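The values are calculated or read from the model by the stated rules, or taken from the named source; none is laboratory data. Model, not experiment: these values are computed from the prediction. Positions of Cβ are generated from backbone atoms using ideal geometry, with glycine treated the same way; all protein chains shown enter the neighbour counts.
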Amino acid sequence: MEWNKKSFVVVSGASKGIGRTIAVEFSNKVAPGSKFVLLARSKSGLEETKSLCCPNVLVETLSVNLESPDEQTLKDFLSAAAANPEVYERAVVVHNAGSLGNLQRTAKDFDDLDEINKYFNLNVGSMILLNTLFLQAFPESDAYKRLVVNITSLCGIKPFQGFSMYCTGKATREMFLKVI
Ligand SMILES: NC(=O)c1ccc[n+]([C@@H]2O[C@H](COP(=O)([O-])OP(=O)(O)OC[C@H]3O[C@@H](n4cnc5c(N)ncnc54)[C@H](OP(=O)(O)O)[C@@H]3O)[C@@H](O)[C@H]2O)c1
């Protein structure tokens, strides 16, 4: 990846952990005037990440629960943030937000459909939705290159006892992006 480009970067799960580090490290490498869109639930965590980013980039944050995001709010926020896509040379989305799920449960314990749906909404559904909104905000163009990054795990390709939800979610994301 050529770093020194005017970039539009979306990072999900940017309020702490790997997502925060990605946002901060990327912000130090891209060209001045780049824009970062950071998503997570914790407003204070997002603000802290913003304060750690390079001052040469613009940072916009949205507090959103990706277990049950309001689609229109997410869409309006992204399309407003990317109102002039052709001013960028590169558009990047980093699908980082994720959760382990309840590791106490084994295959005989998954009897709560609401819990199952919430898990896959966060770890699969909202990732697919965000990816779609990103591709709609940055349709194919000669002005910029697009890059989709998926933060995955060995669990996406190898089964681990007790990690059935996590493994399934990561494997699903892998396949979705392979199809793309
Ligand atoms: N840590 C590891 O060793 C490891 C290894 C392999 C893969 N990974 C993957 O790396 C990614 C990040 O892991 P991490 O260790 O940095 O995790 P983390 O510290 O728990 O951070 C997870 C991020 O996702 C966000 N998030 C969680 N639930 C959310 C929700 N319902 N709505 C919106 N945002 C939500 C959190 O923000 P809020 O809580 O503010 O919402 C946070 O910013 C995950 O996809 C994980 O599977 C991690």
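Assorted remarks:
- Any hit, region 1-20, residues being closer than 17 Å to N150 by Cβ, away from the ligand (no atom under 13 Å from the Cβ), in contact with a strand residue (DSSP E or B) (Cβ under 8 Å, 6 or more places away or on another chain) and part of a loop (DSSP other than H, G, I, E, B): yes
- Applying the set (1) β-branched (V, I, T); (2) within 18 Å of M127 (Cα to Cα); (3) assigned to a helix (DSSP H, G or I) to V24 leaves exactly one unmet item: (2).
- Residues in region 130-164 that are within 12 Å of the ligand (Cβ to nearest atom), part of a helix (DSSP H, G or I) and over 17 Å from K178 (Cβ atoms): L130 alone.
- When T152, T106 are screened for being at pLDDT below 95 and either out of contact with any strand residue (DSSP E or B) (no Cβ under 9 Å at 6 or more places or on another chain) or closer than 22 Å to G19 by Cβ (or both), only T106 passes.
- Verdict on V30 being touching a helix residue (DSSP H, G or I) at 6+ places or on another chain (Cβ under 6 Å) and more than 7 Å from the ligand (Cβ to nearest atom): no
- Where N56 falls short, out of the listed (1) in contact with a Gly (Cβ under 9 Å, 6 or more places away or on another chain); (2) free of Cβ contacts under 8 Å to residues at least 40 places away in the same chain; (3) surrounded by 15 or more Cβ atoms within 10 Å (Cβ to Cβ): (3)
- Residue that is nearest to the chain's Cα centre (by Cα) [pool: residues in region 76-126 that are away from the ligand (no atom under 16 Å from the Cβ) and of a type in the set (D, E)]: D76
- Inter-residue pairs, beta-carbon under 7 Å, first closer than 18 Å to A171 by Cα and in region 108-123, second of a type outside the set (G, A, S) and surrounded by 14 or more Cβ atoms within 10 Å (Cβ to Cβ), 6+ apart: I116/F110; K118/E67; Y119/M165; N121/E67; L122/L66; L122/E67
- Check on P69, more than 16 Å from the chain's Cα centre (by Cα), outside any helix (DSSP H, G or I) and on the phi < 0 side of the Ramachandran plot: no
- Region 7-25 residues that are at positive phi, paired with ones that are among the polar types (S, T, N, Q) (beta carbon under 6 Å, 6 or more apart): G13/N96
- Qualifying position, being touching a Lys or Arg at 6+ places or on another chain (Cβ under 9 Å) and either at pLDDT below 95 or closer than 26 Å to S141 by Cβ (or both), among V64, V59, V37, V10: V59
- In region 164-178, the residues that are over 17 Å from V93 (Cα atoms) and among the small types (G, A, S) form Cβ pairs under 9 Å with partners that are buried (at least 17 other Cβ atoms within 10 Å of the Cβ) and at pLDDT below 95, at six or more places apart or across chains, as follows: S164/G101; G169/G101.
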